[in-house]
Amino acid sequence: MKTIPAATLDALRRYAAPFADVLPPALAAFAGRDPVFPYAPGSPRGLAVLLLAAALHWPDGEEAAVRALAWLHARFGEDLFRLNRVPFEALAEAVLASGAYPDEGERKRVPGILRSACDFLDAKGPLDAWLASADREARVRELAGAVYWMGKSSLLKNKARYFFWLVARAAELKGGTLPPAGLAPDPKAPAFAWPVTEGHGRFYQDFLRAPLSAGLDPARRLALFADLARKAFDARGEAGWRLYPALEAYLRRGGPLVFRCREAQGGCRPCPLNARCPAAKHFLPAEK
Ligand code: SF4
């Protein structure tokens, strides 16, 4: 990978800072006085919830996944982790009753995903032990291959990587038995990559000036952003997971006239990327 200017890395770090303060919906459900899930997110049951949330993950679907899991937890209690033993029709009815998935196509996949993820939990036992016994990249492949709709045929395997991103964030919260996996590169998997999305591709073309071909091959894309996370964050003693939410939001629409990055930055004027961001010129004149 070509050398990235120090000023670009510095701007990226400052741009990423506000995103690190936002808990994703799956982790927010463990927080507060009356949490939806009364476990530490880094405990075995907490990790099982995170696995179910990651299995149901798709862009703009984070809240729906948590809403469905909260409903199922209220309905089935601890059997949330044994949904593979709930008759398929009963589970499908409960998912429908949750109201989390108005789209029938999405909703139809959910029971199969949950039953498959619970098969995985049955087979592996407590996930903290499973996580500790191999490198993250190997675990990504295992998870993607074992759980329905989790990326068996995907070259990026973003859903399985998203589980590790949730685990990394959980490791920084209090409670649980996880080692601080999110704080440092995994020595057993130095090339481990966080999820890579369309926002990452836009950032690469706008700020790193890569030839278009560099963005097309999944293996190269994963390696590029693993390297960027190391250079921008790990090398400075910061958690590499910070890269994913920041670039995932880069020029991502959150409504007809809304970019998610602008929401996080409080507009384009305070944004450290505004000097070279192609969208900034459309917003800056109207910002005081
Ligand atoms: S649109 Fe605005 S907030 Fe988003 S990256 Fe560009 S300058 Fe920053």
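The values are calculated or read from the model by the stated rules, or taken from the named source; none is laboratory data. Because the structure is a prediction, the values reported are computed rather than measured. Please note: Cβ atoms are built from the backbone with ideal geometry, for glycine as well, and neighbour counts cover all protein chains shown.
Filter region 261-271 for residues that are more than 8 Å from the ligand (Cβ to nearest atom) and within 23 Å of the chain's Cα centre (by Cα); which is farthest from A286 (Cα to Cα)?
Filtering first and then ranking leaves E263.
Could you name every one of the helices (runs of 4 or more DSSP H) located completely within region 212-288 that has at least 3 residues being surrounded by 19 or more Cβ atoms within 10 Å (Cβ to Cβ) and of a type in the set (A, V, I, L, M, F, W, C)? Write out each step before concluding.
Numbers: elements: 218-232, 243-248, 260-265, 280-283.
Passing ranges, in order: 218-232, 243-248.
Taking only pairs six or more apart or across chains, which ones have beta-carbon atoms under 9 Å, a first residue in region 258-275 that is more than 13 Å from A16 (Cβ to Cβ) and free of Cβ contacts under 8 Å to residues at least 24 places away in the same chain, and a second residue that is small (G, A, S) and near the ligand (Cβ under 6 Å from one of its atoms)?
That search, which allows pairs on different chains as well, returns F259/A279; R262/A279; C268/A279; C268/A280; R269/A280; N274/A280.
Quick check on this structure: which one of A74, A68, A117, A64 is more than 30 Å from A232 (Cα to Cα), touching an Asp or Glu at 6+ places or on another chain (Cβ under 9 Å) and in a helix (DSSP H, G or I)?
Of A74, A68, A117, A64, the one residue that is more than 30 Å from A232 (Cα to Cα), touching an Asp or Glu at 6+ places or on another chain (Cβ under 9 Å) and in a helix (DSSP H, G or I) is A64.
Being out of contact with any Lys or Arg (no Cβ under 9 Å at 6 or more places or on another chain) and surrounded by 13 or more Cβ atoms within 10 Å (Cβ to Cβ) narrows it down to one residue among A100, A48, A74, A94; which is it?
Within the list A100, A48, A74, A94, the selection yields A48.
Can you work out which of the residues in region 1-26 that are in a loop (DSSP other than H, G, I, E, B) and within 16 Å of the ligand (Cβ to nearest atom) is nearest to the chain's Cα centre (by Cα)?
Keep residues of region 1-26 that are in a loop (DSSP other than H, G, I, E, B), which gives 1-5, 21-24.
Going one step further and asking which of them are within 16 Å of the ligand (Cβ to nearest atom), we end up with 21-22.
Working: D21: 14, V22: 12 Å.
For region 1-26, the residue satisfying everything is V22.
Need the failing condition index for N158 against (1) farther than 21 Å from F81 by Cα; (2) modelled with pLDDT of 95 or more; (3) surrounded by fewer than 19 Cβ atoms within 10 Å (Cβ to Cβ), just the number.
(3)
Which one of these does K124 not meet: (1) farther than 25 Å from D60 by Cα; (2) of a type outside the set (A, V, I, L, M, F, W, C); (3) touching a Pro at 6+ places or on another chain (Cβ under 8 Å)?
Of everything listed in (1) farther than 25 Å from D60 by Cα; (2) of a type outside the set (A, V, I, L, M, F, W, C); (3) touching a Pro at 6+ places or on another chain (Cβ under 8 Å), K124 misses just condition (3).
Can you tell me how many residues within region 68-78 are in contact with a Ser or Thr (Cβ under 6 Å, 6 or more places away or on another chain) and either of a type outside the set (G, A, S) or more than 17 Å from A28 (Cα to Cα) (or both)?
Result for region 68-78: 1.
Give me the pairs, please: first residue somewhere in region 6-29 and under 15 Å from P245 (Cβ atoms), second residue anywhere and within 14 Å of the ligand (Cβ to nearest atom) and aliphatic (A, V, I, L, M), beta-carbon distance under 7 Å, and either six or more positions apart or on two chains.
Qualifying pairs under 7 Å: Y15/A246; Y15/L273; A16/A246; P18/A264; F19/A246; F19/A249; F19/A264.
Do you know which residues across region 272-283 are more than 8 Å from the ligand (Cβ to nearest atom) and hydrophobic (A, V, I, L, M, F, W, C)?
Hit for region 272-283 is A275, nothing else.
P195 - would you say it is closer than 24 Å to R139 by Cβ, within 16 Å of the ligand (Cβ to nearest atom), surrounded by 14 or more Cβ atoms within 10 Å (Cβ to Cβ) and not aromatic (F, W, Y)?
It is false that P195 is closer than 24 Å to R139 by Cβ, within 16 Å of the ligand (Cβ to nearest atom), surrounded by 14 or more Cβ atoms within 10 Å (Cβ to Cβ) and not aromatic (F, W, Y).
Which count do you get for residues in region 34-57 that are free of Cβ contacts under 8 Å to residues at least 40 places away in the same chain and under 15 Å from the mean Cα position of the chain (by Cα)?
Of the residues in that region, 1 qualify.
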